[in-house]
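Right, one structure below, let's go through it.
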Amino acid sequence: MPMSKNLLRDLPQVQKLLESSEADALCTEYGRTCLINVLRDDLAALRTQITAGSLTEIPDRQSLLARAGAKLSLRSRLGLRRAINATGIVLHTNLGRAPLAAEAIAAVEDVARGYCNLEFDLSTGKRGSRTHSLENLLRELTGAEAALAVNNGAAAILLALSALSDGGEVIVSRGELVEIGGGFRVPDVIRQGGAKLVEVGATNKTRLADYRAAITPETRVLLKVHQSNFRTIGFTAETPIGELAQLARSKNLLVVADLGSGLLHETPGSPEPTLSQALAAGADLVTCSGDKLLGGPQAGLILGKESALDRIRTHPLLRAVRLDKMSLAALEATLLLHRDTPERVPVYAMLRQSSGTLQRRAESLLTLLGIGALERTEAFAGGGSLPEERIESWAVALKLPGGADHLAAALRAQTPAVIGRISEGRLLLDMLAVTDAELPVLAEALKAALG
């Protein structure tokens with residue numbers, strides 16, 4: 001009898017594999033049906049290998065169940081997992097940008113656990129607005145006449161231009177036709193909003209006269225886009241919001257300013273305008289993200305004149321980009337912190353850490369690890385915010401025989417995953433976005449990664 005037939009005959013039946021204490025434990029943890037499906041798939045793969053002549057020995061029953069357990073463990077692992085951010089970039093887009101404050105997390109848990117008054121007015125017993133409490137907070141924090149929140153910053157500018165351009169022209173400087181990331185480009189957003197894009201000025205210089213010369217009877221909006229993720233330096237000039245506002249008023253037009261990062265509190269030495277400053281300068285509408293310098297969940301804010309917001313609230317696109325109850329809860333809690341105790345917002349606190357604090361944190365990690373070296377680093381806010389501002393930070397640098405890439409991959413496979421950055425053949429674990437509470441977890445992950 002050919003060897004393949006002997007091997008096929010010796011393959012155990014699924015039912016026999018289930019008659020063991022190991023199988024009982026797997027059924028308890030993952031469910032009987034899931035275990036059966038994995039065992040059937042594994043046995044089918046073995047049959048294929050036997051038929052092809054690539055298998056000369058069948059794994060024993062204990063090995064088959066161990067393989068099934070490993071596959072079930074992998075299948076049950078969530079795709080979206082917690083990570084420790086040791087990159088030195090606080091608002092790392094690929095790592096979820098802003099970590100939420102404890103108060104924001106508690107607010108999400110509270111409304112997610114059961115029902116809430118999402119669109120129900122508790123005082124009247126009738127249908128209410130889902131963003132009413134948010135709007136009050138945003139007006140208080142920024143001085144805006146009216147406010148609205150949608151599901152992200154791109155949606156905010158798309159909705160604003162769709163509602164206000166009315167198919168007419170939107171004038172914008174060539175130096176502000178930026179791509180923010182992931183293929184998101186300002187010209188595409190303008191066209192998608194049903195408006196006609198009119199470019200003015202040069203890449204490095206755009207003056208007020210350029211906007212004035214481009215205005216026609218079809219013009220509806222003068223758009224100002226903040227260069228949030230890059231800077232043009234050298235022989236440059238741009239037109240401030242205040243000058244655009246004066247021109248717009250003389251021509252019965254609107255000024256929309258997309259600030260991107262959502263800075264609420266003035267930062268000394270920072271070129272980023274705050275939301276209040278942009279509104280005070282004369283912008284009819286200001287849009288921004290909620291998960292950048294604001295430090296909240298993914299959201300888009302629209303602030304400005306009541307007359308402009310009224311047109312947006314009646315636009316059919318609004319329903320498609322509205323916030324869900326959990327994002328609303330997190331955003332409201334974050335705004336309350338900005339009003340009362342902004343230092344409790346994690347992003348706000350991280351960006352204001354002293355070099356000494358970061359050095360002490362790196363020293364603590366080095367002590368826990370027992371290997372590596374301290375190194376000064378340059379860290380960044382990230383997320384398209386404060387691109388010119390370098391933050392003096394500290395890291396633990398690791399250089400091992402297996403190579404930095406191998407170690408980085410092993411750390412990514414841990415739970416939680418640890419993400420560092422590679423520089424000159426070394427893995428750097430930067431302390432800017434690592435909390436003190438994460439240090440023991442990070443150390444254990446590294447020890448596990450090293451085997």
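Laboratory data are not the source of any read-out in this text; all were calculated from the coordinates shown. In this text, all values refer to a predicted model and were calculated from it rather than measured experimentally. For neighbour counting, all protein chains shown are included, and Cβ atoms are generated from backbone atoms with ideal geometry for every residue, glycine included.
Approximating the spin labels as points 7 Å out from Cα along Cα→Cβ, the T236-to-D188 distance works out to 2.4 nm.
Taking amide hydrogens as placed 1.01 Å from N in the peptide plane, the amide H of G262 sits under 5 Å from those of S289, each at least 5 positions away in sequence or on another chain.
In the chain, the DSSP-assigned H stretches of four residues or longer account for a calculated mean residue ellipticity at 222 nm of -12500 deg cm²/dmol, using -39500 (n - 2.57) per stretch and the full residue count as denominator.
Approximating the spin labels as points 7 Å out from Cα along Cα→Cβ, the S76-to-L122 distance works out to 3.9 nm. Gain on full extension, evaluated as 0.36 nm per residue between R352 and A209 minus their Cα-Cα distance, stands at 47.5 nm.
Angle of helix 241-250 to the longest C-alpha principal axis of the chain, folded into 0 to 90 degrees and rounded to 10: 50°. With the cut-off at under 16 Å, measuring from each backbone N in the stretch 143-167 to a point 7 Å along the Cα-to-Cβ line of R249 picks out 145.
Relative contact order for the stretch 3-75: 42 percent, from Cα pairs under 8 Å spaced at least 6 residues apart, divided by residue count. Relative contact order, whole percent, for the chain stands at 19, derived from Cα pairs under 8 Å and 6 or more residues apart. Between amide H atoms placed 1.01 Å from N, distances below 5 Å from A237 occur with K205, T206, all of them 5 or more places distant or on a separate chain. The calculated FRET efficiency for R360 paired with A106, based on their beta-carbon distance and R0 = 41 Å, is about 0.90. The residue list V108, L285, T124 was ranked by how far each Cα lies along the charge dipole of the stretch 102-344 toward its positive end, using unit charges on Cβ atoms, and L285 comes out on top.
Bridging of K251 to aspartates and glutamates at a Cα separation below 15 Å is possible for E169, D210, E218, E243, D284, once same-chain residues fewer than 8 apart are set aside. The magnitude of the dipole of the stretch 1-56, with charges of +1 and -1 set on the Cβ of Lys/Arg and Asp/Glu and taken from the Cα centre, is near 340 debye. Judged by the gyration tensor of its Cα atoms, with axes a ≥ b ≥ c, the stretch 405-451 is oblate; a/c meets the 1.5 cut and b/c is at least as large as a/b.
Two numbers describe the Cα atoms of the stretch 1-153: Rg and Dmax, which are 27.6, 88 Å.
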